[in-house]
Amino acid sequence: MSILKGYRALVVEDDADLCEIVADDLRMYGAEVEIANSGMRALEILTGASFDFILSDMRMANGDGRFLAQELLKLDRVRPLLFMYSGYNDITESEALTLKIERIFSKPFKSSAMVEVIRTFLIKRS
Amino acid sequence: MEHAALDCAPAGHPVELTSIQLCIHDAVALCEERCRTNGVDLHLELGDDVEVMCVPAQVSQVVMNLLHNAFDAVIALSEKWVRVVIHSENRIVTMSVIDSGRGISPEVESKIMQPFFTTKEVGKGTGLGLSISKGLIENMSGRLFYDRQCSNTCFVVEFPISEPVQRKVG
């Protein structure tokens, strides 16, 4: 169950319940998790902390997923891996590639399957 | 508070004829693994599809809020279960989220629909909030209330069942 032990994650989600659920799920798999309720807030947090990966909703007020991805491209240090989820077809595959979004999960998702995918990317990166 | 601003009621969000069961399934799918892993028995009695006029994403959001509250309420109990039950009668559909808790006190009941009220431990009470859930459901011509007749803890969402579309003949 601790397959994300040692990894730091930032969950970005403006639905407070879903944010807690996703964050708790990642903690259950061993990750150390911080949360942000918007893309703007995520960027603020990122100025003072580093993360191995970001898991973000796509549709949010105050800086959506696309905004967050665009801003992350401007970071002048090692970027966290970026994963997103959405209940809609918000973004094309080529745009996701351009924005360096590793994977977009469809909502509703199963956290165990999602965590497996994230872990595979984390291992590949290290 | 991290989640004071919510995206739950954007102006002009489309109301559409939707199966209430479908809205529930979306919320349950996001919560069921968490329940299973933590030994919470999540049981669904949804019956046949019932269509209501609603904003599906908002109904799912409210169901997730109720499931999240129920999960937090039972996690420390020896008996851990949550049931979601749909019942239709007299053109009204009710969705009850019942958990193995023993109900809430009249004092808490009088405050539970107030903004920012929570009985959760510090750091766990940042969810959507029952007051916002209630507002969302009422904006869709429904009701959200605490059922004090139930021997366990039960919150009910109620919607009028939409009339089937009548086709004009001739």
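Brief remarks on what is shown
- Any hit, the stretch A:33-44, residues being touching a residue at least 60 places away in the same chain (Cβ under 8 Å) and open to solvent by less than 50 Å² (accessible area, probe 1.4 Å): no
- Answer from A:Phe83, A:Phe105 - the residue that is open to solvent by less than 30 Å² (accessible area, probe 1.4 Å), within 13 Å of chain B (Cβ to nearest Cβ) and without any contact (Cβ under 8 Å) to a residue 60 or more places away in the chain: A:Phe105
- Pairs where the first residue, in the stretch A:61-76, is on the phi < 0 side of the Ramachandran plot and the second is open to solvent by less than 50 Å² (accessible area, probe 1.4 Å) and hydroxyl-bearing (Ser, Thr, Tyr), C-beta under 7 Å, 6+ apart: A:Ala61/A:Ser38; A:Gly65/A:Ser56; A:Leu68/A:Ser56
- Among residues of the stretch A:68-97 being touching a Leu at 6+ places or on another chain (Cβ under 9 Å) and assigned to a helix (DSSP H, G or I), the one that is nearest to A:Met40 (Cα to Cα) is A:Leu68.
- Residues that are modelled with pLDDT of 95 or more, within 14 Å of chain B (Cβ to nearest Cβ) and part of a loop (DSSP other than H, G, I, E, B) within the stretch A:46-62 are absent altogether.
- Hey, A:Arg27 at the interface with chain B (Cβ under 9 Å from one of its Cβ atoms), open to solvent by 40 Å² or more (accessible area, probe 1.4 Å) and in a helix (DSSP H, G or I) or not: no
- Selection within the stretch A:95-126 - under 13 Å from the mean Cα position of the chain (by Cα) and of a type in the set (Lys, Arg): A:Lys100, A:Arg103, A:Arg119
- Residue selected from the stretch B:23-41 under the condition closer than 9 Å to B:Ser60 by Cβ and of a type in the set (A, V, I, L, M), by the criterion farthest from the other protein chains (Cβ to nearest Cβ): B:Ile24
The values are calculated or read from the model by the stated rules, or taken from the named source; none is laboratory data. Predicted, not measured: the structure shown is a model, and the values here were computed from it. Neighbour counts are summed over all protein chains in view; Cβ atoms, including those assigned to glycine, are modelled from backbone coordinates with ideal geometry. Just the protein is used for accessible areas: all its heavy atoms, side chains included, with ligands, DNA and RNA removed. Shrake-Rupley method; radii C 1.70, N 1.55, O 1.52, S 1.80 Å.
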